[in-house]
1. Taking the residues in segment 152-189 that are surrounded by fewer than 24 Cβ atoms within 10 Å (Cβ to Cβ) and β-branched (Val, Ile, Thr) as candidates, determine which candidate is nearest to Val141 (Cα to Cα).
2. Can you name every residue in segment 198-239 that is away from the ligand (no atom under 14 Å from the Cβ), hydrophobic (A, V, I, L, M, F, W, C) and either assigned to a helix (DSSP H, G or I) or at positive phi (or both)?
3. Are any residues in segment 462-492 farther than 18 Å from Ser180 by Cβ and either buried (at least 17 other Cβ atoms within 10 Å of the Cβ) or of a type in the set (A, V, I, L, M) (or both), and if so, which ones?
4. Condition (residue is among the aliphatic types (A, V, I, L, M) and farther than 28 Å from Gly109 by Cβ) applied to segment 304-319: is it met by at least one residue?
5. What are the residues in segment 410-441 that are more than 27 Å from Asp282 (Cβ to Cβ) and either over 25 Å from the mean Cα position of the chain (by Cα) or polar (S, T, N, Q) (or both), if any?
6. Return only the number of the condition from (1) in contact with a Gly (Cβ under 6 Å, 6 or more places away or on another chain); (2) within 16 Å of the ligand (Cβ to nearest atom); (3) of a type in the set (Asp, Glu) that Glu298 does not satisfy.
7. State which residue is surrounded by the most Cβ atoms within 10 Å (Cβ to Cβ) when the search covers only segment 130-141 and only residues that are out of contact with any Ser or Thr (no Cβ under 7 Å at 6 or more places or on another chain) and of a type outside the set (Gly, Ala, Ser).
8. Would you be able to tell me the number of residues in segment 243-264 that are more than 10 Å from the ligand (Cβ to nearest atom) and farther than 21 Å from Tyr483 by Cβ?
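Here, each number is a calculation from the coordinates, and none is a lab measurement. The structure presented is a predicted model; accordingly, all values stated were derived computationally and were not measured. We place every Cβ from the backbone using ideal geometry, glycine too, and count neighbours over all the protein chains shown.
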Amino acid sequence: MTELTNNGRDYSSVTVKFTKLFINGNFLDSVSGKTFETIDPRTGEVITRISEGTKEDIDIAVKAARHAFDFGPWPRLPPSERAKIMMKWAELIDENTEELAALDAIDAGKLYHMCKAVDIPTASNTLRYYAGAADKIHGEVLKMSGQFHAYTLMEPIGVVGHIIPWNFPTTMFFLKVSPSLAAGCTIILKPAEQTPLSALLYAHLAKLAGVPDGVINVVPGFGPTAGAAISSHMDIDKVSFTGSTEVGREIMEAAAKSNLKQVSLELGGKSPLIIFDDADIDKATDLALLGILFNKGEVCVSSARVFVQEGIYQEFEKKLVDKAKAWVVGDPFDPNSQQGPQVDKNQFEKVLSYIEHGKRQGATLLTGGKTLGNKGYYIQPTIFSNVKEDMLIAQDEIFGPVMALKKFKTIEEAIKSANNTRYGLAAGVVTKNIDTANTMSRSIRAGTIWINCYFAFGDDVPFGGYKMSGFGKDSGLDALYKYLQVKSVVTPVYNSPW
Ligand code: ADP
């Protein structure tokens, strides 16, 4: 389906087929008729214009989703039938992998080969995982006391609003949609304004797979308008959000002020990677570099703070810097590229301003710090050492290829430093010592601890934050239960006295 140009690996002319809101099974203009630009971060040029959803469009989408939930077949289908449709959707995604990968690459500056090999196949597998769980949702039988007994029903929570960010347009879409769909919910999803393209193609494929009209609605638009209309809507039963901590706070507030809809939040991070003296230095430098440079550092769990024990620090630092200098930043369609452009001008400028802060506050710039090329939003892999823990570059989520490196002496000091953050999304520990690994994994207040690995995700592994990184898990059966609610049904065992 994708049009190839040049040497067979330039997908920059991929045809964008869907640019309108997807509501109740149809692609529609927005009520206002307004559109917004989506930009190619390789050049800063406009790819196309997308219908801009606002409150009125969210209202229409919620009506469709409400009707589909209250009267439509989806929540009432035998779960195995829901599963079949989800499996079919997964198949269609696999058949369109290249086109979907190209859309995420031009919209977000993500590496095309990575999207093709990882993001898209992982998404269809996430759908399959939850399709497999759909017919394993069940309650309990409870004995009570005396003459009553009870059973519980696990019912879908209802109409769900998903608000997702731009760094993983595909992964986020399916982390949210798959469990809610398996639970029997109906959905309004707002993709990030920077990356609406693949979400609209996913909606089209959902319809082809047989997802009934109104069950999935995709409304692109901006946060303060379309996003806020979701979080404050009186007829949405739950909002599931991934994005910044600041916006998460606004969403929770809007949910509380409207209908007390349930909220789950996957927010920012400033994850520590702690490397002990007994580590293999080559492997550890690779892990640290990947931890911060993967997806150009636009990852909520990136290893933005790296702590290295003093015995290997010098050698580690030298190897790390050499490898960072050899890291290939370039066009996301070039298979040799390891890092594409930042998603947009805002992020590009934000990252550069943090780099300036780092320099001004007295950290040592070991490598990088500059932009690359004369167009687009490319930034060099950047490493600071001598970082003090109260510096902005050690505390704020930069969301770019900027690492803060620090030396430590003892395990106690490492624990203290790792926890010296308002966030608690993830952490990595590199050591061959099982006692060190166990102590660290129990002492760090974060939702995921990776021992001798990093970025190791699984559909069955719950993912979510501690502290100001949010609450409520994506992935695993925990995510499925987020979209279910328990109803207790009580009945007399013997002849009722009433
Ligand atoms: P980032 O800082 O990574 O861009 P944001 O938290 O700003 O992340 O955005 C993540 C998602 O939240 C996007 O879809 C965005 O449009 C949406 N959003 C932004 N502001 C609001 C808001 N006030 N209410 C609801 N959604 C919002």
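1. Thr152
2. Once the filter is applied, which keeps residues that are away from the ligand (no atom under 14 Å from the Cβ), hydrophobic (A, V, I, L, M, F, W, C) and either assigned to a helix (DSSP H, G or I) or at positive phi (or both), segment 198-239 yields Leu200, Leu201, Ala203, Leu205, Ala206, Leu208, Ala209.
3. The answer is Gly465, Tyr466, Lys467, Met468, Ser469, Val489, Val490.
4. Within segment 304-319 (the criterion being among the aliphatic types (A, V, I, L, M) and farther than 28 Å from Gly109 by Cβ), the answer is yes, since at least one residue qualifies.
5. Residues satisfying the conditions are Glu412, Lys416, Asn419, Asn420, Thr421.
6. Status for Glu298: all satisfied but (1).
7. The selected residue is Ile137.
8. Counting residues in segment 243-264 that are more than 10 Å from the ligand (Cβ to nearest atom) and farther than 21 Å from Tyr483 by Cβ gives 1.
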